[in-house]
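Accompanying notes for the structure given below.
Readers should treat all values here as calculations from the given coordinates under stated rules, not as data from a laboratory. These figures come from a predicted structure and were not determined experimentally. Note: ideal-geometry Cβ built from the backbone for every residue, glycine included; neighbour counts use all protein chains shown.
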Amino acid sequence: MTDTDVSAWAALLRVHAALVPRMDRELQQACGLPLTWYDVLLELNAAPGRRLSMGELGEVAVVSRTRVSRVVDQLVTAGLVIRSANPEDRRSAYAEITDDGRKRLREAAPVYLGAIERHYTSRMTAAESRTVASALEKVLAALPGA
């Protein structure tokens, strides 16, 4: 392992630690949506039928698996998601984005995308951005279960 390897890892952690709270604040101030809510709504909106089992959601959302259920409960209370039983497996449930959830996601998207551009991608060239994305995708693809 080289100093560059450790530096790359440390930079990734520092950028994540600096940007996630900042983006969360911006989303909450502009749209009243925490970043965790946005992430879950984004994944549900992109899913087939706009719904995922809780287990599937735990795999794809940035929120930890243990926290996904609590976030879904909050979204249900807010009317942005509905939870329904899985008829094939009583032990599991589905989370499905509502029309109100899709509306809030669309309203928040410019804030989210603007924050990505302002705080992240504008700080690098297009080639650097592609390199970072490609490198991180390789890491993700090499993980078990990816």
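Figures for the structure shown
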read-out: Ranking of D89, D73 by count of other Cβ atoms within 10 Å, fewest first; value: D89, D73
read-out: Between the stretch 1-66 and the stretch 129-145, the alpha-carbon center distance in angstrom; value: 15
read-out: Exposure proxy ranking, count of Cβ atoms within 10 Å, fewest first, for L12, L52; value: L12, L52
read-out: Cβ-placed point charges (K, R +1; D, E -1), dipole of the chain about Cα centre in debye, nearest 20; value: 260
read-out: Of L42, L57, L13, the one that fluctuates the most in a GNM where the chain has Cα springs shorter than 10 Å; value: L13
read-out: Positive-end residue, the stretch 3-142 charge dipole about Cα centroid, Cβ charges, pick of A133, T4, Y94; value: Y94
read-out: Per residue Cα convex hull volume in Å³ - calculated over the chain; value: 138
read-out: Loop GluC sites (Glu not before Pro), the stretch 48-128 (other Cβ atoms within 10 Å of the site Cβ: 15 or fewer; DSSP); value: E88
read-out: Selection of trypsin sites (Lys or Arg not before Pro), the stretch 25-121, meeting DSSP coil and at most 16 other Cβ within 10 Å; value: R90, R91
